[in-house]
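Below: one structure, written as structure tokens.
The values are calculated or read from the model by the stated rules, or taken from the named source; none is laboratory data. All of these numbers come straight from a predicted model, not from anything done at the bench. Cβ placement follows ideal geometry from the backbone for every residue including glycine, while neighbour counts extend to all protein chains displayed. For the accessible areas, the whole protein counts, side chains as well, though only heavy atoms, and no ligand, DNA or RNA atoms are used. Shrake-Rupley method; radii C 1.70, N 1.55, O 1.52, S 1.80 Å.
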Amino acid sequence: MEYGPIFSIASFGAACGLGRSSVYKLISEGKLKTVKVGSRRLILDTPLSFLERQMELQSATKNRGGDGDA
């Protein structure tokens, strides 16, 4: 399996406009793919793919919101 760029917590957060604690929260919620190398936690997701997934989830949630109220 091949991965694209690998990001540190700080560089991923900077690219997404998130703080370090927000990135760690996303990791603990299972929303980011990571790998541990020595004592470092590295993110295998790209900021763009993560943000695209979040936008898709928000769109799907908004679309489902009005379906069951009739």
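Details
- Percent accessible area from carbon and sulfur atoms, the chain, protein chains only, probe 1.4 Å: 54
- Computed 3J(HN,Hα) for the range 13-22, one whole-Hz value per residue from the Karplus formula 6.51 cos²θ - 1.76 cosθ + 1.60 where θ = phi - 60°, is x, 5, 5, 9, x, 10, x, 4, 5, 5, glycine and proline marked x.
- If you plug the beta carbon distance of S59 and S8 into 1/(1 + (r/R0)^6) with R0 = 30 Å, you get a FRET efficiency near 0.55.
- Sparse-neighbourhood loop sites, chymotrypsin sites (Phe, Trp or Tyr not before Pro) in the range 1-39 - DSSP loop, at most 13 other Cβ within 10 angstrom: Y3
- Rg and Dmax [Cα atoms of the range 5-70; Å; Rg one decimal, Dmax integer]: 14.6, 54
- Probe 1.4 Å, protein heavy atoms only - accessible area per residue of the chain in square angstrom: 74
- Relative contact order (%) - criterion: Cα under 8 Å, at least six apart; region: the chain: 32
- Near F7, once Lys and Arg are set to +1 and Asp and Glu to -1 for all other residues with Cβ below 12 Å from its Cβ, the sum equals +2.
- Net charge contributed by nearby residues that have their C-beta within less than 12 Å of L42 (K/R +1, D/E -1): +3
- Cβ-based net charge around Q54, under 15 Å, with every Lys or Arg adding one and every Asp or Glu removing one: +1
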